[in-house]
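Undergrad: The structure under discussion is supplied below as structure tokens; questions concerning it will follow.
The values are calculated or read from the model by the stated rules, or taken from the named source; none is laboratory data. Computed from a prediction, not measured in an experiment: that's the story for all the values here. For neighbour counting, all protein chains shown are included, and Cβ atoms are generated from backbone atoms with ideal geometry for every residue, glycine included. Areas reflect the complete protein model, heavy atoms only, side chains present, ligands, DNA and RNA absent. Shrake-Rupley method; radii C 1.70, N 1.55, O 1.52, S 1.80 Å.
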Amino acid sequence: MYQGPRPPIILSDRIAFLIMMFRKQFCEQGVAARVPDVLLRFMFNYLSRTTARLLKIIAAPPKIRPPRPRPGRPERVRQPNPVPGGFNWLRRLIPNNHVINGHAVAFQQLLNEADMRALIEANPTAGRLLRPLCRMFGIKPPAGLQLPPRPAPLRPAKPRQPKPEKSPETRPDFPFLHCPAPVLGAGNHYIVFPRDFWRSSA
């Protein structure tokens with residue numbers, strides 16, 4: 001009996017199904033690829049928290065509040081992150097795996113949907129949750145997820161060193177100035193200048 005068209009699957013259901021299926025497949029493929037247990041447990045909890053936070057944002061978008069000054073807190077000792085990090089780290093950890101590649105394609109298609117783009121534009125918190133997944137799958141983030149370029153660090157200007165003062169220009173003495181004046185009339189025609197002629201004309 002025909003019961004009419006099925007209702008469309010809402011965005012929250014698609015996100016939950018995609019990430020939960022990936023969580024299950026990652027654990028199975030990770031065990032086969034001998035991924036460390038610490039990383040498997042970390043990713044299982046991380047994907048669960050990410051899904052819960054995305055569903056919470058879809059159900060009740062957070063209000064943007066101005067930042068408030070917070071009192072100083074004692075610095076907490078952070079545990080080392082077991083995630084390898086870097087762009088496309090998952091497919092480098094488990095290479096040539098068709099299951100991981102299929103989830104990467106499905107996640108990229110989800111980011112290109114109109115509902116997902118609207119969610120990213122309206123909620124910056126969703127972008128902070130989705131950018132690590134893009135790096136994990138090796139997907140270039142769409143325009144709504146890309147961060148502005150970081151400004152180049154300012155380098156302190158080097159102090160200019162004063163140039164050494166140049167000594168006044170002097171002309172070398174010519175040897176013929178020290179020679180005795182030749183005798184004119186014997187076939188020698190010379191012009192003898194005074195000793196300080198070149199200095200006075202400089």
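Undergrad: Starting from residues that are in a helix (DSSP H, G or I) and buried (at least 17 other Cβ atoms within 10 Å of the Cβ), keep the ones in region 94-109 and report whichever is modelled with the lowest pLDDT. I'd like the intermediate steps shown before the answer.
TA: Looking only at region 94-109, we keep the residues that are in a helix (DSSP H, G or I), and these are 98-109.
Pick out the ones that are also buried (at least 17 other Cβ atoms within 10 Å of the Cβ) and you get 100, 103-104, 107.
Values: I100: 87, H103: 90, A104: 90, F107: 91.
Among them, the one singled out is I100.
Undergrad: Do we find a residue being at pLDDT 65 or above and under 30 Å from F107 (Cβ atoms) anywhere in region 150-159?
TA: Yes, that holds for at least one residue.
Undergrad: Take the conditions at pLDDT below 65, on the phi < 0 side of the Ramachandran plot and open to solvent by less than 90 Å² (accessible area, probe 1.4 Å) and apply them to P62. Does it pass?
TA: On the way: at pLDDT below 65: yes; on the phi < 0 side of the Ramachandran plot: yes; open to solvent by less than 90 Å² (accessible area, probe 1.4 Å): yes.
Yes.
Undergrad: Can I ask one more? Does at least one position in region 121-129 carry a residue that is within 25 Å of the chain's Cα centre (by Cα), over 21 Å from I15 (Cα atoms), part of a loop (DSSP other than H, G, I, E, B) and modelled with pLDDT under 90? Give the steps one after another, and end with the answer.
TA: Taking region 121-129 first, the residues within 25 Å of the chain's Cα centre (by Cα) are 121-129.
Those still in the list that are over 21 Å from I15 (Cα atoms) too: none.
No - not one qualifying residue is present in region 121-129.
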